[in-house]
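Take a look at the structure below.
Since every read-out is calculated from the coordinates, none of them should be taken as a lab result. Every value quoted in this text rests on a predicted model; they were computed, and no experiment measured them. All Cβ positions, glycine included, derive from the backbone under ideal geometry; neighbour counts span all protein chains shown.
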Amino acid sequence: MNAYLNEFLFGIYPYIAVLVMILGCIFRYDQNPYSWKADSSQLLRSRGMRWGSNLFHVGIILLFVGHLVGLLTPESVYHLLMTAAAKQKMAMIAGGIFGSMCFVGLTILLYRRLTDPRIRATSKFADILILVVLYLQLILGLGTIPASAQHPDGSSMIALANWAQHIVTFQGGAADFVMKEALIFKAHIFLGLTIFLIFPFTRLVHVFSAPIKYILRPGYQIVRKRG
């Protein structure tokens, strides 16, 4: 890949994508707060929704946490417990399991949205677009597993982690770490960044409004006065 293009895609584009996500979310919530929702299709047709939604959401949450921990944990920290090769093997196994869960769930959800006339009629272009983009991202992610297996020493994982850590700490030279990595890794990173870019314009914004507080709050009883 051309050095200038590599620098833009993996050295500059990450900051553009995240900045658009942050500003876009703020603007959307301020200007159109009533659009800040997921628009569930369960009321239209519940068939397949439970399995599809649960597999997708559990899988994608575990994948996100796994990527976050795997990419941002410094070598000096995880070397206290395991080698880079062992960490990569664990990541491949966990990623394969969680990615497959998410893939099956998303397949069910995408099939429902594209084939059910009632759901399709109420779907916005952005609803279908984000599902397709996530679907492609999952395929690329699962495709990185055999690519990682070609480097059992964990060298690719170390390079990608160094890239991510340099990006989040605003250090220069981040793009150099992925310059010689396989195309599938680069495509997976680019599409992931693009998801951040389009995030504010899709139903994904509802992740910031997940009702976690209802899980953590203490129980209470509703009492009404007589008369």
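Think of each Lys and Arg Cβ as +1 and each Asp and Glu Cβ as -1; about the Cα centre, that makes the dipole of the chain roughly 1580 debye. A dipole drawn for the chain from +1 and -1 charges on Cβ atoms has a positive end, and of TYR13, LEU191, VAL65 the residue lying farthest that way is VAL65. Report note on the peptides 197-206, 122-131: ranked by the mean count of other C-beta atoms within 10 Å, highest first, their order is 197-206, 122-131. Helix 84-115 against the longest principal axis of the chain: what's the angle in degrees, Cα atoms only, rounded to the nearest 10? Relative to the chain, helix 84-115 is tipped by roughly 40 degrees.
Cross-link reach is defined here as a Cα-Cα straight distance under 18 Å, omitting same-chain residues fewer than 8 places apart; for LYS124 the aspartates and glutamates meeting it are ASP39, ASP116.
Once you have the Kirkwood Rh of the chain from its Cα pairs, apply Stokes-Einstein at 20 °C and 1.002 mPa s and quote D in µm²/s.
Values: Rh = 19.7 Å.
Roughly 109 µm²/s, to the nearest whole number.
For the range 95-151 versus the range 169-191, the inter-centroid distance based on Cα atoms is 23 Å.
Put one equal scatterer on each alpha carbon of the range 48-124, apply the Debye formula with no solvent term, and list log10 I(q)/I(0) at q = 0.19, 0.21, 0.27 1/Å to two decimals. Relative scattering, expressed as log10 I(q)/I(0), comes to -0.79, -0.88, -1.13.
Can you give the calculated 222 nm mean residue ellipticity of the chain, where each DSSP H run of n ≥ 4 adds -39,500 (n - 2.57) and the sum is split over every residue, rounded to the nearest 500 deg cm²/dmol? Walk me through the intermediate numbers first.
On the way: 10 runs with 150 residues, N = 227.
Calculated mean residue ellipticity at 222 nm is -21500 deg cm²/dmol.
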